[in-house]
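Encoded as structure tokens, the structure appears first; notes follow it.
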Amino acid sequence: MPAPKFTYVYILRSENHSEIHYTGCTEDLPARLNKHNQGAVPHTAKFRPWFIETAISFRDPAKARTFEKYLKSGSGRAFTKNHF
């Protein structure tokens, strides 16, 4: 039986600007973090380096994307600030 495939919703925090964070979604968390830290993601390039503050795994990719969208909303940003 193959291992289950997960989709991760992650929150990155800038090592140099602790108040700056970024929320995203991926199936390969280590590779995605490397892309952020290499400057390959224009939105996050100027606040490098990044570290993973929080990552949550989902078996259902649709649920992961819905949660990511929520975290990027106004109430989701408040939730993130209070809980992560």
Scope segment 1-30; condition more than 12 Å from the chain's Cα centre (by Cα) and closer than 23 Å to residue 66 by Cα; matching residues: 4, 5, 6, 20
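Is it the case, given these coordinates, that residue 36 is surrounded by fewer than 17 Cβ atoms within 10 Å (Cβ to Cβ), touching a Phe, Trp or Tyr at 6+ places or on another chain (Cβ under 8 Å) and not in a strand (DSSP E or B)?
Details: surrounded by fewer than 17 Cβ atoms within 10 Å (Cβ to Cβ): no; touching a Phe, Trp or Tyr at 6+ places or on another chain (Cβ under 8 Å): yes; not in a strand (DSSP E or B): yes.
Taking the combined requirement at face value, the residue does not satisfy it.
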Subset of segment 46-62 (residues that are more than 13 Å from residue 27 (Cα to Cα), out of contact with any helix residue (DSSP H, G or I) (no Cβ under 7 Å at 6 or more places or on another chain) and either touching a residue at least 40 places away in the same chain (Cβ under 8 Å) or not in a helix (DSSP H, G or I) (or both)): 51, 53, 54
Qualifying residue in segment 2-25 (condition: charged (D, E, K, R) and touching a helix residue (DSSP H, G or I) at 6+ places or on another chain (Cβ under 8 Å)): no
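Restricting attention to segment 19-33, which residues are surrounded by fewer than 16 Cβ atoms within 10 Å (Cβ to Cβ) and of a type outside the set (A, V, I, L, M, F, W, C)? Working first, answer last.
Here is the first cut: in segment 19-33, the residues surrounded by fewer than 16 Cβ atoms within 10 Å (Cβ to Cβ) are 19-20, 27-28, 30-31.
Within segment 19-33, 19, 27, 28, 30 qualify.
Determine which member of the set 16, 82 is modelled with pLDDT under 95 and either assigned to a loop (DSSP other than H, G, I, E, B) or loosely packed, with under 10 Cβ neighbours inside 10 Å (or both). Working first, answer last.
On the way: 16 fails: modelled with pLDDT under 95.
Being modelled with pLDDT under 95 and either assigned to a loop (DSSP other than H, G, I, E, B) or loosely packed, with under 10 Cβ neighbours inside 10 Å (or both) holds for just one of 16, 82, which is 82.
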Cβ pairs under 6 Å, 6+ apart, first in segment 67-82 and on the phi > 0 side of the Ramachandran plot, second part of a helix (DSSP H, G or I): none
Only listed residue being in contact with a strand residue (DSSP E or B) (Cβ under 6 Å, 6 or more places away or on another chain) and either acidic (Asp, Glu) or more than 19 Å from residue 83 (Cα to Cα) (or both), chosen from 54, 26: 26
Complete set of residues in segment 39-79 that are within 16 Å of residue 13 (Cα to Cα), at pLDDT 95 or above, of a type in the set (Phe, Trp, Tyr) and surrounded by 12 or more Cβ atoms within 10 Å (Cβ to Cβ): 47, 50
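The values are calculated or read from the model by the stated rules, or taken from the named source; none is laboratory data. Worth saying up front: this structure is predicted, and the values here are computed from it rather than measured. Don't worry about glycine lacking a Cβ; one is built from the backbone with ideal geometry, like all the others, and counts go over all protein chains shown.
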